[in-house]
Amino acid sequence: MKKEIGLVADDGWLKPYEADIIQRYDFYRNRLEKIEKGHGSLESFASGDSYYGFNYDKKAKGWWYREWAPAADGLALIGDFNDWDAELHPLTQDEHGTWGVFVADHSEHPLMHESLLKVKVQNGFQDRDRLPAYIKRAVQDEKTYDFKGQIWAPKKKFKWSDKKFSPKAITNPVIYECHIGMAQEKEGVGTYVEFADEVLPRVAKLGYNCLQMMAIQEHPYYGSFGYHVSNFFAPTSRFGTPEDLKYLIDKAHGLGIAVIMDAVYSHAVKNIAEGLNDFDGSDNQYFHKGGRGYHTGWDSKLFDYSRTEVLQFLLSSVRYWIEEFHFDGFRFDGVTSMLYHHHGEGVAFDHYDKYFKDMVDWDAICFLQLANTLTHELKPGAINIAEDMSGMPGMCRSVEDGGIGFDYRLGMGIPDYWIKTLKHKADEEWDIYEMWDVLNNRRYKEKTIAYAESHDQALVGDKTLAFWLMDKEMYWHMSKGDANPVIDRGMALHKMLRLFTGALGGEGYLTFIGNEFGHPEWIDFPREGNGWSYKYARRQWSLVDNEQLKYQQLNDFDGAMIHLLKRYQVLSAQPAQQLNMDGTNQVIVFERNNLIFVFNFSTSSSVADYRFFINQPGTFQIVLDSDDTAFGGHARCDASVFHTTVEVEGRPQLSLYTPCRSVQVYANQINS
């Protein structure tokens with residue numbers, strides 16, 4: 001490592017932990033050097049799926065199937081191609097614990113495109129029918145609900161048209177988080193193609209330049225929201241074929257939209273029938289043995305990142321999604337759980353010791369560093385986001401700087417703060433100084449994705465931000481001609497909180513599908529407790545498409561806000577500079593990248609001739625007003641008026657009208 005560690009140089013409080021940070025880096029370097037010595041390169045090491053799993057041999061004209069199962073006593077390939085007869089295709093084992101079999105095209109039982117199969121794994125007196133670990137497609141029987149692996153080798157290869165697209169161009173990421181299955185209005189499961197044709201145009205029109213897709217890795221239980229993964233190389237077949245997914249991503253790239261996958265490498269489903277649990281019968285193959293291999297809070301299995309074969313399996317999965325499906329990065333789920341042996345449960349991260357001294361999992365950190373390094377080697381400009389609630393220093397600094405290598409972290413404290421505020425404080429009690437501190441609380445040189453709400457805030461037991469603000473009144477008073485004080489307040493704050501979050505909270509912005517127009521109620525996937533209903537696992541686009549309803553006004557504001565953040569490059573600019581804090585009138589004024597943001601959170605105090613000092617002289621005009629009638633406001637500000645600074649005590653001063661419960665954004669006409 002270079003002499004001066006960038007992470008320590010930028011934070012003097014980390015000086016006592018310099019040795020730990022160096023140790024963290026050296027641990028990574030040693031692991032990487034071993035990988036490069038044994039496999040030539042990290043990329044070559046992360047190509048395990050070209051050997052394991054099913055691979056077609058053009059010269060020999062047939063399929064190789066290989067499986068790493070060191071503790072197993074016998075494996076046999078079974079499927080519809082051999083009438084599920086375990087006697088016909090037994091695998092043989094080599095000295096490294098890898099089993100293999102070759103199935104020739106000219107044999108009596110050849111493998112073909114769409115062949116269904118499993119592998120029978122014998123350990124002692126026990127044998128189980130399993131899905132191959134590296135399987136790239138799994139399908140579920142509609143009657144028995146049983147999952148089977150499937151050979152996927154269509155004669156016609158998908159033709160990509162996205163050669164000119166690069167995520168490097170995205171410097172101000174505005175992210176549209178979505179779930180393909182619940183993206184349609186019908187009470188059922190949506191498809192990749194439906195999303196591409198019907199929803200993607202909406203995303204592009206609003207101005208979002210990143211799509212973050214949930215639940216792509218195959219998972220046996222739909223209601224898990226995709227977080228109990230069973231097959232780490234298989235895109236879920238619920239939404240369509242692999243070609244359908246490629247069609248969606250290719251179309252997104254054509255619209256200038258990067259596609260990020262919500263990736264789960266922090267744990268895996270405990271199911272034996274569909275997943276990796278106890279695959280070779282040892283209880284210590286892919287996962288830690290005993291209690292350490294089980295996450296009590298998630299009821300799932302925990303990977304043993306110290307094992308070379310496990311590391312290769314996971315890194316090969318990372319590479320595969322990028323190369324095969326052209327994903328532009330990942331949002332790594334459950335990073336906090338990976339970083340520490342205690343998984344962050346019941347721990348207050350109130351001292352640096354807890355990041356470097358107490359129960360830190362060096363193997364997991366090393367995996368994350370390798371995954372980030374690999375991602376950026378394969379796709380320069382890729383966007384990797386960490387879901388970490390602990391605040392680990394260096395999470396979003398380069399590995400060479402002593403960090404873990406992510407590009408962004410999720411600002412998870414922001415939505416929690418908004419929900420807590422709405423639950424427990426009257427509007428008059430909102431503390432603008434606290435609001436400022438929460439939105440600006442992030443580490444120097446570590447980028448944050450800010451969001452007012454994601455899927456987490458609307459899961460059953462909670463509800464969307466719009467529903468917190470307006471509740472049952474949304475059922476009766478969302479018509480444009482219907483004046484209702486609850487709806488008026490709710491819409492005003494819905495717009496303000498989103499812009500306050502986007503403009504102030506980070507270097508990127510995210511929203512969850514439908515929430516941009518104030519989707520009501522909550523999210524609840526079909527389960528026994530709700531009679532297996534899809535009523536709350538869908539998006540009601542008819543609400544926003546109805547010109548008579550106010551949802552359209554919230555949607556239009558969201559689009560105007562996103563275009564503003566991009567046009568003025570707000571997110572890639574330096575953090576906001578506070579210009580005026582007025583606790584009496586609940587007014588916050590700040591500047592970011594030459595835009596002046598004037599937020600008035602007061603319930604009743606609209607102030608004429610409101611004066612404050614700014615950093616630059618000039619003539620200013622409104623470029624976005626939440627109080628515009630187009631956005632359901634009351635048009636209390638005139639956007640055609642120019643506001644010219646005057647010099648007071650040698651400093652430029654601006655005078656404006658600031659209406660209560662509204663925000664206006666002003667641009668200096670010299671810079672516009």
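The values are calculated or read from the model by the stated rules, or taken from the named source; none is laboratory data. What you are looking at is a predicted structure, and each value in this text was computed from that prediction instead of being measured. Positions of Cβ are generated from backbone atoms using ideal geometry, with glycine treated the same way; all protein chains shown enter the neighbour counts. Side chains are part of the model used for accessible areas, which takes the heavy atoms of the whole protein and leaves out ligands, DNA and RNA. Shrake-Rupley method; radii C 1.70, N 1.55, O 1.52, S 1.80 Å.
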Test I414 against the criterion of being closer than 14 Å to L510 by Cα, of a type in the set (A, V, I, L, M, F, W, C) and touching a helix residue (DSSP H, G or I) at 6+ places or on another chain (Cβ under 7 Å), and give yes or no.
yes
Does the range 251-261 contain at least one residue that is under 23 Å from A382 (Cβ atoms), open to solvent by 30 Å² or more (accessible area, probe 1.4 Å) and not in a loop (DSSP other than H, G, I, E, B)?
yes
Options V570, V544, V598: the member that is at pLDDT 95 or above and part of a helix (DSSP H, G or I):
V544
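Every residue, every condition in (1) in contact with an Asp or Glu (Cβ under 6 Å, 6 or more places away or on another chain); (2) part of a loop (DSSP other than H, G, I, E, B); (3) open to solvent by 10 Å² or more (accessible area, probe 1.4 Å), yes or no:
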{"residue": "N384", "(1), (2), (3)": "yes, no, no"}
{"residue": "D388", "(1), (2), (3)": "no, yes, no"}
{"residue": "G391", "(1), (2), (3)": "no, yes, yes"}
{"residue": "I404", "(1), (2), (3)": "no, yes, no"}
{"residue": "I419", "(1), (2), (3)": "no, no, yes"}
{"residue": "W436", "(1), (2), (3)": "no, no, yes"}
{"residue": "R443", "(1), (2), (3)": "no, yes, yes"}
Tell me, which residue of the range 174-230 that is part of a strand (DSSP E or B) and acidic (D, E) is nearest to the chain's Cα centre (by Cα)?
E177
Which of the numbered conditions does D482 fail, given that it passes all the others? Conditions: (1) part of a helix (DSSP H, G or I); (2) on the phi < 0 side of the Ramachandran plot.
(1)
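Does G297 satisfy the condition of being in a loop (DSSP other than H, G, I, E, B) and within 20 Å of E177 (Cβ to Cβ)? Even if it seems obvious, please write down each step before you answer.
Details: in a loop (DSSP other than H, G, I, E, B): yes; within 20 Å of E177 (Cβ to Cβ): no.
No, not satisfied.
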Output for the range 617-660, where each listed residue is open to solvent by 20 Å² or more (accessible area, probe 1.4 Å) and among the aromatic types (F, W, Y)
F631, F642, Y657
Tell me whether the range 311-334 contains one or more residues that are over 25 Å from T98 (Cβ atoms) and of a type in the set (S, T, Y).
no
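If I filter the range 98-111 down to residues being in a loop (DSSP other than H, G, I, E, B) and without any contact (Cβ under 8 Å) to a residue 40 or more places away in the chain, which single residue comes out as farthest from P132 (Cα to Cα)?
Of all residues in the range 98-111, those in a loop (DSSP other than H, G, I, E, B) come to 105-111.
Adding the requirement that they be without any contact (Cβ under 8 Å) to a residue 40 or more places away in the chain leaves 108-109.
Details: E108: 22, H109: 19 Å.
Among those residues, the one meeting the criterion is E108.
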Of the residues A635, A576, which is touching a helix residue (DSSP H, G or I) at 6+ places or on another chain (Cβ under 6 Å) and more than 29 Å from K480 (Cα to Cα)?
A576
Where a residue in the range 307-325 is open to solvent by 30 Å² or more (accessible area, probe 1.4 Å) and its partner, wherever it lies, is among the small types (G, A, S), with Cβ under 7 Å and at least six apart
none
